[in-house]
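J.: Okay, handing you the structure first.
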Amino acid sequence: MNSKAQNNSYQQFLDERTHNGQLRQCLSHQASSSAVEITVNEQTVINFSSNDYLGLSHHPAIIQASTQALQQYGTGTCSSRLITGTTHLTTQLETTLARWLKKEAAIVFPSGYQANISILQALFNKDVLEEEVYVFADRLNHASLVDGMTASKARWQRYRHCDLNHLEHFLKKAPLHANKWIITDSVFSMDGDYPDLNALALLAKQYNAQVFLDEAHGIGVFGNKTSSGLAEHHGVTEDIDLIMGTFSKALGSSGAFVAGNQTLIDYLINTARGFIYTTALPPAVIAANLKAVEIVQQEPHHRETLWKNIEYFQQLSGTVKNSDLNEIHSPIIAIPAKDEALLRLWQEELLSQGYWVHGIRPPTVPQGSQRLRLSLSAAHTTLQIQHLREVLNNLV
Ligand SMILES: *Cc1c(COP(=O)(O)O)cnc(C)c1O
């Protein structure tokens, strides 16, 4: 085939997406002095689509720590972690994470996507381990977990979303002494719901399985004592074998980590390709992450304000007739739309009223389950939440 013919099929794909109203494009916006405002096409709107749940992206102490590291270390590490990409700041961050998550050790990755792919690929690699690994995963797990399992070539089965009976059905069938892992998001990124972690931890014990928990949306949001995530909230931190989390949501910055026992972490340092074959995060980002981990522990009021906002939104929604909402469990709120045209209409109307609320469409969510996904932040004011609810009342 000549190159022109090949380009045609790419164009054809794009034309189809455009025709179906599903073409994906990046929206660029100007700088903003607030965690919840964005300026798009000269219009400043309130952002209800960011995962900056605590508003930490604009926290003065974090910006200061990051600026100082930038001055001291320069802009980049220009090396992978195992060569010269590890600074004192990195070591300090990893020690702090391990202590926070009550694990023996932790390592940092450049992004959550990269962490999940390379951790799962390494963890289930039967060529290295010389044994078959049995993997059980929630059907709605994040794309990065799905990609990691695919890359691992492990034997994996997906149980129905948060359905622990279905999980047990699969666990029962696997050999008791085989190497088994349960893989799940803690808070699900598109629905904001979560599994019963106590029951899940019990099942894991009963069937001799290990648990990998992706706390991307749990870190900073849950945990009454130290804000370390949903595992802390349910008191099961010690029963989770690997806790993965990101700095890119409630911690307001970028990058990810995993914490576990020394053997598992040393194994990952030696085998996780996304840890080994990539340049380490810049010191300015590591310093921001370190400060953010300290701040969520020292300043619980960010989390408390977030939950006040969640309760306020819930209270306002409770008074709406034929409530449009599924139950609210977290700062992530999904409002289903009957079709994509309606979803687009809602999104445009919200924008014209000053609110940025993103519509989520397949294939990010299952076919037919398009929805508005709004996320609340500690940085939203009650007035902003009240106005948003009023606009939604007239739409939905
Ligand atoms: C966002 C997200 C990731 C990816 O993290 P990034 O740092 O954005 O790459 C992984 N898992 C879940 C559940 C997420 O929501």
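The values are calculated or read from the model by the stated rules, or taken from the named source; none is laboratory data. On a predicted model such as this, the values are computed, not experimentally measured, just so you know. Because the Cβ atoms are built from the backbone with ideal geometry, glycine has one as well, and the counts that use them run over all protein chains shown.
J.: Can you tell me which of Ser227, Ser186 is more than 16 Å from the ligand (Cβ to nearest atom), modelled with pLDDT of 95 or more, buried (at least 24 other Cβ atoms within 10 Å of the Cβ) and within 30 Å of His301 (Cβ to Cβ)? Give the derivation first.
T.: Details: Ser186 fails: more than 16 Å from the ligand (Cβ to nearest atom).
After ruling out the rest, the residue left standing is Ser227.
J.: Pairs only if they're at least six apart or on different chains, beta carbon under 8 angstrom, first in the range 43-66 and in a loop (DSSP other than H, G, I, E, B), second of a type in the set (Gly, Ala, Ser) and surrounded by fewer than 22 Cβ atoms within 10 Å (Cβ to Cβ); list them, first residue then second.
T.: That search, which allows pairs on different chains as well, returns Ser50/Ala35; Asn51/Ser248; Asp52/Ala35; Gly55/Ala35.
J.: Still on this structure, please answer the following. In the range 22-44, how many are more than 26 Å from Ala288 (Cα to Cα) and touching a Leu at 6+ places or on another chain (Cβ under 9 Å)? Reasoning before the result, please.
T.: We begin by selecting, within the range 22-44, every residue more than 26 Å from Ala288 (Cα to Cα); these are 22-25, 40-44.
If we keep only those that are touching a Leu at 6+ places or on another chain (Cβ under 9 Å) too, we end up with 23, 40, 43.
Residues that pass the stated criteria total 3.
J.: Does the range 25-39 contain at least one residue that is in contact (Cβ under 8 Å) with a residue 24 or more places away in the chain, of a type outside the set (Phe, Trp, Tyr) and more than 24 Å from Leu306 (Cα to Cα)?
T.: No: the range 25-39 contains no residue that is in contact (Cβ under 8 Å) with a residue 24 or more places away in the chain, of a type outside the set (Phe, Trp, Tyr) and more than 24 Å from Leu306 (Cα to Cα).
J.: Looking only at the range 245-264, filter to residues that are closer than 14 Å to Arg99 by Cα and touching a helix residue (DSSP H, G or I) at 6+ places or on another chain (Cβ under 7 Å); which one of those is farthest from the ligand (Cβ to nearest atom)?
T.: Among those that are closer than 14 Å to Arg99 by Cα and touching a helix residue (DSSP H, G or I) at 6+ places or on another chain (Cβ under 7 Å), it is Ala259.
J.: Would you be able to tell me the number of residues in the range 159-180 that are within 16 Å of the ligand (Cβ to nearest atom) and under 10 Å from Phe136 (Cβ atoms)? Explain how you work it out, then say what you get.
T.: Initially, the range 159-180 is screened for residues within 16 Å of the ligand (Cβ to nearest atom), giving 161-162.
Now restrict to residues that are under 10 Å from Phe136 (Cβ atoms): none.
Residues meeting the conditions: 0.
J.: On to the next question. Pick from the range 77-120 the residues that are among the small types (Gly, Ala, Ser), within 16 Å of the ligand (Cβ to nearest atom) and in a helix (DSSP H, G or I): which of them is surrounded by the most Cβ atoms within 10 Å (Cβ to Cβ)? Spell out the reasoning first.
T.: From the range 77-120, those among the small types (Gly, Ala, Ser) are 79-80, 85, 98, 105-106, 111-112, 115, 118; that's our starting set.
Remaining after also requiring within 16 Å of the ligand (Cβ to nearest atom): 106, 111-112, 115, 118.
Now restrict to residues that are in a helix (DSSP H, G or I): 112, 115, 118.
Working: Gly112: 25, Ala115: 28, Ser118: 25.
It comes out as Ala115.
J.: Something else now. What is the number of the single condition among (1) touching a residue at least 24 places away in the same chain (Cβ under 8 Å); (2) within 14 Å of the ligand (Cβ to nearest atom); (3) part of a helix (DSSP H, G or I); (4) aliphatic (A, V, I, L, M) that Val128 does not meet?
T.: Single failed check for Val128: (2).
J.: Something else now. Of (1) farther than 25 Å from Pro110 by Cβ; (2) of a type in the set (S, T, N, Q); (3) assigned to a helix (DSSP H, G or I), Ser330 satisfies all except one. Which?
T.: Checking Ser330 against (1) farther than 25 Å from Pro110 by Cβ; (2) of a type in the set (S, T, N, Q); (3) assigned to a helix (DSSP H, G or I), the one that fails is (3).
J.: Kindly establish whether Ser144 is within 15 Å of the ligand (Cβ to nearest atom), farther than 15 Å from Leu268 by Cα, part of a helix (DSSP H, G or I) and of a type in the set (S, T, N, Q).
T.: Working: within 15 Å of the ligand (Cβ to nearest atom): yes; farther than 15 Å from Leu268 by Cα: yes; part of a helix (DSSP H, G or I): yes; of a type in the set (S, T, N, Q): yes.
Yes: the conditions hold for Ser144.
J.: Identify, by number, the condition in (1) under 30 Å from Glu340 (Cβ atoms); (2) at pLDDT 90 or above that Gln22 doesn't meet.
T.: Among (1) under 30 Å from Glu340 (Cβ atoms); (2) at pLDDT 90 or above, Gln22 violates only (2).
J.: Shifting gears a bit: Restricting to the range 196-221, count the residues that are within 14 Å of the ligand (Cβ to nearest atom) and touching a helix residue (DSSP H, G or I) at 6+ places or on another chain (Cβ under 7 Å).
T.: Total meeting the criteria: 7.
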